[in-house]
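Enquirer: Sharing a structure here in structure tokens format.
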């Protein structure tokens, strides 16, 4: 009898202990504590805390140092923030992680401002990789080339013995040499594919070496060697490591496919996915019910997890301003064209209505003012006829590089998310007004193609926000750096464009739009994006208190420590901590 009582008592104690562990007993020691910081919860309160305690992969307490200090135990890992800002992990609302990771091991042409510099970098890379069958590169800008248009002869001068393909910084054009054109079978008689352009020599009609937009780029990319699964896994890890250096712990991955989703899921199952990924599948024109059934099956077979989830599709309504392929309400300043949409109005409405009925979220690339209007029109029409999906309707417009002022308040009225991606990085006053600063070549082409009036309507995030719209920010990496805090500081200090309105945001608002805002945009606001008990422990520690002292240099906003899922995954070894 006594033995049975002892056994019952012991069993009860075990059950109580397990229950306490499962609920995160408030008195139990924390696994990790962050002290001596200026913690901004990003919860809209504009309040600040001193310390944070983490148990497992969840935040268990946020408060005063004395209160959090009581949760220290003999095995608690202590992070001394050194007075620096402590923030939720940044959530980049628009990236291309796998393709960006693959491009990290190619010719880097970012910042090359002259043709000589571009050719020199390509030549050096080709010489250092004699066994590489295709020479690939990324990041060139139009301003480096006479007439802003690269030619195959210019690339032949660097690589003539094998195919070479160089992706533009914006990802919407590729520059190819003669060998690449031959490998793809592109000749004078090759017709432009729908929604794509083979730029031609004005005298001979031959392919000049520039392919605009995905359908034309695919003529070459489909004959290029495909990366192995091992190469893809390594590339994804490299991309995520790059993100963690900048405190980015969550991303929306734009325009993927079911096959590449498997790469992410393999990494998740192997315990190698050190960022939270919301993965979108690419929809193209003529997408039909059978295609949607296949996407439904993919979503069903990849149930949402805290690390990887699906449930969103990506569409491209237009191209980019730099190549005159963005869809505009009026002709470009430098060309007698408005660009054109990739979808007819009826086909766009049909696809969005179909996916909305099935519960999918829809994100649409729309850069020109006509494209933005057409997407908003489609979302408005669908909301008027479809019942709201069970989880709600949070459709998104991506980029919005220019917009007609009449469409600004529609984001709030329609509850459509404005996902925007400022290219510029860190800068602080005193600076000259934008019209007096030398513009990067890419920005110069952008503004020149639009003309001053429409260029002044670029980047209206504050206007959209003040009219009731929800704005979220991202990088569009690898188009631009993953440096979230550098971009945030830039947003808070950016001078008005010539003839434009002041779009600078308060620091806390810009931070919200890079943390809790994107969490809402992925239906995750109850799990991440704020520093509060019960939330996933994704946390960033910066070098200084950016709230008390305006950053003067990029070192002031350097990421010192990144915590992901309750574990330290990055430390700035150069600065000490």
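The values are calculated or read from the model by the stated rules, or taken from the named source; none is laboratory data. None of these values were measured; they are calculated from a predicted model. Cβ atoms come from the backbone with ideal geometry, glycine included; neighbour counts cover every protein chain shown.
Enquirer: Going through region 536-562 one residue at a time, which ones are assigned to a loop (DSSP other than H, G, I, E, B) and surrounded by fewer than 16 Cβ atoms within 10 Å (Cβ to Cβ)?
Expert: The initial filter retains those residues of region 536-562 that are assigned to a loop (DSSP other than H, G, I, E, B), namely 537-538, 543-553, 558.
Of everything in region 536-562, those that are assigned to a loop (DSSP other than H, G, I, E, B) and surrounded by fewer than 16 Cβ atoms within 10 Å (Cβ to Cβ) turn out to be 547, 548, 549, 550, 552, 553.
Enquirer: May I pose another question? Taking the criterion of being surrounded by fewer than 21 Cβ atoms within 10 Å (Cβ to Cβ) and closer than 19 Å to residue 183 by Cβ, would at least one residue in region 235-253 satisfy it?
Expert: So far as region 235-253 goes, no, none of its residues is surrounded by fewer than 21 Cβ atoms within 10 Å (Cβ to Cβ) and closer than 19 Å to residue 183 by Cβ.
Enquirer: Restricting to region 62-78, count the residues that are surrounded by fewer than 21 Cβ atoms within 10 Å (Cβ to Cβ) and closer than 30 Å to residue 509 by Cβ.
Expert: Of the residues in that region, 4 qualify.
Enquirer: Also, quick follow-up: Out of region 137-152, which residues are in contact with a helix residue (DSSP H, G or I) (Cβ under 8 Å, 6 or more places away or on another chain) and surrounded by fewer than 20 Cβ atoms within 10 Å (Cβ to Cβ)?
Expert: If the condition is that a residue be in contact with a helix residue (DSSP H, G or I) (Cβ under 8 Å, 6 or more places away or on another chain) and surrounded by fewer than 20 Cβ atoms within 10 Å (Cβ to Cβ), then 143, 145, 146, 148, 149 are the ones that fit.
Enquirer: Within region 341-355, work out how many residues are buried (at least 22 other Cβ atoms within 10 Å of the Cβ) and over 21 Å from residue 407 (Cα atoms).
Expert: As a first pass, look at region 341-355 and keep what is buried (at least 22 other Cβ atoms within 10 Å of the Cβ): 341-343, 348, 351-352, 355.
From what is left, the residues that are over 21 Å from residue 407 (Cα atoms) are 351, 355.
Of the residues in that region, 2 qualify.
Enquirer: If I filter region 19-35 down to residues being crowded, with 16+ Cβ neighbours inside 10 Å and part of a loop (DSSP other than H, G, I, E, B), which single residue comes out as modelled with the lowest pLDDT? Write out each step before concluding.
Expert: Step one: filter region 19-35 for residues crowded, with 16+ Cβ neighbours inside 10 Å, giving 24, 30-35.
Subsequent filtering for residues that are part of a loop (DSSP other than H, G, I, E, B) retains 24, 30-31.
Values: 24: 47, 30: 98, 31: 98.
In this case the residue turns out to be 24.
Enquirer: Does residue 464 fit the bill of being in contact with a helix residue (DSSP H, G or I) (Cβ under 7 Å, 6 or more places away or on another chain), within 28 Å of residue 138 (Cα to Cα) and not in a loop (DSSP other than H, G, I, E, B)?
Expert: Numbers: in contact with a helix residue (DSSP H, G or I) (Cβ under 7 Å, 6 or more places away or on another chain): yes; within 28 Å of residue 138 (Cα to Cα): no; not in a loop (DSSP other than H, G, I, E, B): yes.
The answer is no for residue 464.
Enquirer: If I filter region 465-480 down to residues being under 18 Å from residue 493 (Cα atoms) and in contact (Cβ under 8 Å) with a residue 40 or more places away in the chain, which single residue comes out as surrounded by the fewest Cβ atoms within 10 Å (Cβ to Cβ)? Spell out how you get there, then give the answer.
Expert: Of region 465-480, the ones under 18 Å from residue 493 (Cα atoms) are 465-466, 471-475.
Still in the list and also in contact (Cβ under 8 Å) with a residue 40 or more places away in the chain: 465, 471-475.
Working: 465: 20, 471: 25, 472: 27, 473: 28, 474: 29, 475: 28.
Residue satisfying both the conditions and the ranking: 465.
Enquirer: Sort out which residues of region 75-99 are more than 18 Å from residue 517 (Cβ to Cβ) and in a loop (DSSP other than H, G, I, E, B), and write them in order of number.
Expert: Scanning region 75-99 gives 75, 76, 81, 82, 83, 84, 96.
Enquirer: Please determine whether any residue of region 174-181 is under 30 Å from residue 275 (Cα atoms), outside the structural domain of residue 234 (by TED's automatic domain parsing) and in contact with a helix residue (DSSP H, G or I) (Cβ under 6 Å, 6 or more places away or on another chain). Working first, answer last.
Expert: Here is the first cut: in region 174-181, the residues under 30 Å from residue 275 (Cα atoms) are 174.
Checking the rest, the ones that are also outside the structural domain of residue 234 (by TED's automatic domain parsing) come to 174.
Filter once more, so that each one left must be in contact with a helix residue (DSSP H, G or I) (Cβ under 6 Å, 6 or more places away or on another chain): 174.
So far as region 174-181 goes, yes, one or more of its residues are under 30 Å from residue 275 (Cα atoms), outside the structural domain of residue 234 (by TED's automatic domain parsing) and in contact with a helix residue (DSSP H, G or I) (Cβ under 6 Å, 6 or more places away or on another chain).
Enquirer: State whether the residues of region 293-312 include one that is surrounded by 23 or more Cβ atoms within 10 Å (Cβ to Cβ) and either touching a helix residue (DSSP H, G or I) at 6+ places or on another chain (Cβ under 9 Å) or part of a loop (DSSP other than H, G, I, E, B) (or both). Reasoning before the result, please.
Expert: Here is the first cut: in region 293-312, the ones surrounded by 23 or more Cβ atoms within 10 Å (Cβ to Cβ) are 310, 312.
So of that shortlist, the ones also either touching a helix residue (DSSP H, G or I) at 6+ places or on another chain (Cβ under 9 Å) or part of a loop (DSSP other than H, G, I, E, B) (or both) come out as 310.
Within region 293-312, one or more residues are surrounded by 23 or more Cβ atoms within 10 Å (Cβ to Cβ) and either touching a helix residue (DSSP H, G or I) at 6+ places or on another chain (Cβ under 9 Å) or part of a loop (DSSP other than H, G, I, E, B) (or both).
Enquirer: Taking the conditions exactly as written (touching a strand residue (DSSP E or B) at 6+ places or on another chain (Cβ under 8 Å) and either closer than 28 Å to residue 256 by Cβ or in a loop (DSSP other than H, G, I, E, B) (or both)), does residue 457 satisfy them or not? Full working, then the answer.
Expert: Values: touching a strand residue (DSSP E or B) at 6+ places or on another chain (Cβ under 8 Å): no; either closer than 28 Å to residue 256 by Cβ or in a loop (DSSP other than H, G, I, E, B) (or both): yes.
No, not satisfied.
Enquirer: Here are some residues: 470, 494. Which one is outside the structural domain of residue 139 (by TED's automatic domain parsing) and at pLDDT below 95? Show your work before the answer.
Expert: Details: 470 fails: at pLDDT below 95.
Testing whether each residue is outside the structural domain of residue 139 (by TED's automatic domain parsing) and at pLDDT below 95 leaves just 494.
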